[in-house]
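Chemist: Okay, handing you the structure first.
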Amino acid sequence: MAALASPAGRAVAAQQLTAAERAAAVASVWAEARYNFAYWDRVRADWDSGLVANLKLAAEPQSDLIFYRRLRRLLALLGDGRAAVIAPPSLRSRIARPPLLVSSVERRPLILDYAENDEMRVARPQRLAEILAVQGIPAEQWIRDSVVPEVSAATAADRWQRAAAWMLQGDKGTTVHLLVRVPGAEPRGLSVTRSLSLNDRWPLDPPAFATESLPDGVALVRIASLENEEVVREFDRAFPDFTRVQGLVLDLRRAADGKSEYAYQILARLTDRPFSTVRWRTPQYRAVFRAWNLNDSAATWYAPETGTVAPRADHPPYGGPIAVLASSATAGAAEDLLAAFRAASRGVIIGEPTGGSPGDVATFALPKSWAVQFSVTRHEAPDGTGFAGVGVKPHLVVVRTVNDLLAGNDPALEKAREYLKGGLLPP
């Protein structure tokens, strides 16, 4: 990735924002977060010092791309996995990555898949190859120094896996040189072009909803997104009833966005009893507290009563055994589903602690069609247990290793099937 420093005084043709507009953007991010962000008790950085440093940087001549990366570094100080800098389409078209699906397993970046294009048909990257170096720099050092500082995440595990997924991002059209290795072979070079911009559809995203029938009447349901109500409708179409389902595995390991209401609608099909939703609260600023020398909005909240969701009456419920799979990438609405599921004692959660990034997201406008978003509600389990910054903990911790991946094994899914057969004690 390109260095953050820009030569002083050099005119940049791609520049869209003026120095004053960059300063206004930095100040807006600082102020909106100061009064609206919901998790200040978890922030270890000095937010005010971040403002001063970034106002100085904003005054330097620079391209919008450099400013975008600097603003991402500022926002990452919040430690919020839902936070993001939203660049305008004109800038998003200039930021790209190769069509390679990269995932971190045991902190080692592996190429899991690729989307075919003319270049990929010639380069023929090998699936399950490990990336050893990028632009001649060891992969771990590349991720740690060049990528991680710009990644917004609430846990170290989630930050690293996000950084690995985006480690090849850079200027569109530029070439990134990799050193890769598959087991049993010598390392080899691989050069690929950053061709898919942030405006392009990412062809390697999994479907939001998918099902698979496993032996012994077990249904595997994979949910990768809760962003759209269509996922609820797909669930209902797949399961008008559960007469043939003897056990159900709900895989939320790639679900990182969406709305809690859709999560609860699905959970309401999986129980015959009402269940409690997560507790939530949001900062409530009261200016007079400053006049009285009392705590400001960071310590005062609007917090309604915990909600309750009844089983859905439009479709029959499922009352059989359930195992839910979670990972460090599970975040947002999926974490609310897990917290409610666990509180209802409806089944077992298997896998890794989740990403610890619950909460509703608000988007705030910045100059010239830029924007920023972050969490503005604080979510806790129905019993008041907080999981922001630590994740929802599984009943059974199962971590996939590189050897598991190379052998085609999915130990979390295997443990889930064992549980459904009665081979594991219930939680």
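The rows are residues; the columns are (1) over 21 Å from the mean Cα position of the chain (by Cα); (2) modelled with pLDDT under 95; (3) open to solvent by less than 20 Å² (accessible area, probe 1.4 Å); (4) closer than 17 Å to R342 by Cα.
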| position | (1), (2), (3), (4) |
| --- | --- |
| R237 | yes, no, no, no |
| L250 | no, no, yes, yes |
| A268 | yes, no, yes, yes |
| S276 | yes, no, no, yes |
| R286 | yes, yes, no, no |
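Chemist: Output the number of the condition that Y35 fails; it satisfies all remaining conditions of (1) open to solvent by 40 Å² or more (accessible area, probe 1.4 Å); (2) in contact with a strand residue (DSSP E or B) (Cβ under 8 Å, 6 or more places away or on another chain); (3) closer than 19 Å to R162 by Cα.
Modeler: Every listed condition holds for Y35 apart from (3).
Chemist: If I filter segment 40-51 down to residues being out of contact with any Gly (no Cβ under 7 Å at 6 or more places or on another chain) and touching a residue at least 24 places away in the same chain (Cβ under 8 Å), which single residue comes out as most open to solvent (accessible area, probe 1.4 Å)? Steps first, answer last, please.
Modeler: The first filter runs over segment 40-51 and keeps only residues out of contact with any Gly (no Cβ under 7 Å at 6 or more places or on another chain), leaving 40-41, 44-51.
Adding the requirement that they be touching a residue at least 24 places away in the same chain (Cβ under 8 Å) leaves 40, 44-45, 47, 50-51.
Values: W40: 60, R44: 191, A45: 41, W47: 14, G50: 8, L51: 33 Å².
Selected residue: R44.
Chemist: Output the number of the condition that A310 fails; it satisfies all remaining conditions of (1) of a type in the set (A, V, I, L, M, F, W, C); (2) loosely packed, with under 14 Cβ neighbours inside 10 Å; (3) at pLDDT below 85.
Modeler: (3)
Chemist: Looking only at segment 332-371, count how many residues are over 22 Å from P304 (Cα atoms), of a type outside the set (D, E, K, R), in contact with an Asp or Glu (Cβ under 7 Å, 6 or more places away or on another chain) and surrounded by fewer than 24 Cβ atoms within 10 Å (Cβ to Cβ).
Modeler: Total meeting the criteria: 2.
Chemist: Let me ask you something else. List the strands (runs of 3 or more DSSP E) that sit entirely inside segment 299-405 and contain at least 3 residues that are under 25 Å from A76 (Cβ atoms).
Modeler: Values: elements: 322-326, 348-351, 361-365, 371-375, 378-380.
Result: 361-365, 371-375, 378-380.
The values are calculated or read from the model by the stated rules, or taken from the named source; none is laboratory data. Predicted model, so just to flag it, every value in this text is computed and none were measured. Reconstructed Cβ throughout: ideal geometry from the backbone, glycine too, with neighbour counts over all protein chains shown. With ligands, DNA and RNA removed, areas are computed over all heavy atoms of the protein, side chains included. Shrake-Rupley method; radii C 1.70, N 1.55, O 1.52, S 1.80 Å.
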